[in-house]
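The values are calculated or read from the model by the stated rules, or taken from the named source; none is laboratory data. The model shown is predicted, which means the values in this text are computed figures rather than measured ones. Here the Cβ is made from the backbone with ideal geometry for all residues, glycine too, and neighbour counts use every protein chain on show.
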Amino acid sequence: MKNIKFIIIIILNIVFFSNTSANDQNNQLNNLFKELKIGEISSNLIIEQKIWKIWSTHPKDEKLTKLLKDGSDLVKKNKFIESIDIFTKVIDFDPSWAEAWNKRATVFYLIGEFQKSQNDIDKVLELENRHFGALAGQGLVNIKLKNYEKAIESYKRALEIYPTMQSPEIMIKQIEEIIKEELI
């Protein structure tokens, strides 16, 4: 009987502390996103890096964090198919980790699989609707798919989350030029 109580206590501690880690990440992200809305460009670049670090760190499993990093290293070496395999493994292990979906979406974009990229971005935004990186990526995907209004909408949403992010304003102007050229 004592052994059963001891095992139950251990299991409860594991569950409590793993949830605490995820809750800590969520609390940190909430605070960083508040700062991001009111900060200046220079301070927001630091905040952005902190957000990316949290997004890229699995809240419960450092092995998954390492796998994600390994996949990212393969992307840098242009080994896209291998990286997709790794990101898919990570997603299979934890389909609730938005950054794994985001990494795979990026690779799908790089190899020209734009609809697959959009499908993964949809999942990222379902899991983390403040993912300004996924929103910017969605803008790029929709430019390729010639869904210009959706691309503009994605960039505007990114700006609502991250007002000093510079690429959305640049991209919106470029899309507006594309639309004008197509009307001529």
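On the given criteria, is Pro168 in contact (Cβ under 8 Å) with a residue 12 or more places away in the chain and under 30 Å from Leu183 (Cβ atoms)? Reasoning before the result, please.
Working: in contact (Cβ under 8 Å) with a residue 12 or more places away in the chain: yes; under 30 Å from Leu183 (Cβ atoms): yes.
Considered against the rule, which asks whether it is in contact (Cβ under 8 Å) with a residue 12 or more places away in the chain and under 30 Å from Leu183 (Cβ atoms), Pro168 comes out as yes.
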Item to complete: Give the residue that is nearest to the chain's Cα centre (by Cα), with candidates limited to residues of the range 99-140 that are acidic (Asp, Glu) and over 16 Å from Ile84 (Cβ atoms).
Response: Glu128
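Does Phe108 satisfy being part of a helix (DSSP H, G or I), closer than 13 Å to Gln138 by Cα, aromatic (Phe, Trp, Tyr) and out of contact with any Leu (no Cβ under 7 Å at 6 or more places or on another chain)? Before you say what the answer is, go through the steps one by one.
Numbers: part of a helix (DSSP H, G or I): yes; closer than 13 Å to Gln138 by Cα: yes; aromatic (Phe, Trp, Tyr): yes; out of contact with any Leu (no Cβ under 7 Å at 6 or more places or on another chain): yes.
It is true that Phe108 is part of a helix (DSSP H, G or I), closer than 13 Å to Gln138 by Cα, aromatic (Phe, Trp, Tyr) and out of contact with any Leu (no Cβ under 7 Å at 6 or more places or on another chain).
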Worksheet item: Restricting the search to the range 155-167, which residues are assigned to a loop (DSSP other than H, G, I, E, B) and surrounded by fewer than 19 Cβ atoms within 10 Å (Cβ to Cβ)?
Response: Pro163, Thr164, Gln166
Item to complete: Would you mind stating whether Phe87 is under 21 Å from Asp122 (Cβ atoms), surrounded by 15 or more Cβ atoms within 10 Å (Cβ to Cβ), hydrophobic (A, V, I, L, M, F, W, C) and under 17 Å from the mean Cα position of the chain (by Cα)?
Response: yes
Worksheet entry | Condition broken by Ala100, with the remaining ones in (1) part of a loop (DSSP other than H, G, I, E, B); (2) within 21 Å of Asp24 (Cα to Cα) satisfied | (1)
Worksheet, complete the sentence: Condition set over 16 Å from Lys116 (Cβ atoms) and outside any loop (DSSP other than H, G, I, E, B), scope the range 72-84, selection farthest from the chain's Cα centre (by Cα): answer is Glu82
Worksheet item: Residues of the range 139-149 being farther than 22 Å from Leu45 by Cβ and of a type outside the set (A, V, I, L, M, F, W, C), which ones?
Response: Asn142, Lys144, Lys146, Asn147, Tyr148, Glu149
Worksheet item: Does at least one position in the range 49-61 carry a residue that is more than 17 Å from Asp24 (Cβ to Cβ), in a helix (DSSP H, G or I) and not aromatic (Phe, Trp, Tyr)?
Response: yes
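Take Ile170 and decide whether it is modelled with pLDDT under 95, surrounded by fewer than 19 Cβ atoms within 10 Å (Cβ to Cβ) and more than 18 Å from Ala98 (Cα to Cα).
Values: modelled with pLDDT under 95: no; surrounded by fewer than 19 Cβ atoms within 10 Å (Cβ to Cβ): yes; more than 18 Å from Ala98 (Cα to Cα): yes.
No: the conditions fail for Ile170.
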Worksheet item: Pick from Ile38, Ile47: which is at pLDDT below 95, aliphatic (A, V, I, L, M) and either in contact with an Asp or Glu (Cβ under 7 Å, 6 or more places away or on another chain) or farther than 13 Å from Lys103 by Cα (or both)?
Response: Ile38
Worksheet item: Only one residue in Ile143, Ile170, Ile152 is outside any loop (DSSP other than H, G, I, E, B), closer than 14 Å to Tyr109 by Cα and over 15 Å from the mean Cα position of the chain (by Cα). Which one?
Response: Ile143
Practice prompt. Give me a count of the residues in the range 91-119 that are of a type in the set (Gly, Ala, Ser) and surrounded by fewer than 18 Cβ atoms within 10 Å (Cβ to Cβ).
Written response: 2
Discussion item. Six or more apart or on different chains, Cβ atoms under 7 Å: show the pairs whose first residue is in the range 109-124 and closer than 13 Å to Leu135 by Cβ and whose second is in a loop (DSSP other than H, G, I, E, B).
Written reply: Val124/His131
Fill in: Condition met for Leu140 (more than 18 Å from Gly39 (Cα to Cα), in contact with a Lys or Arg (Cβ under 7 Å, 6 or more places away or on another chain) and modelled with pLDDT of 95 or more)
no
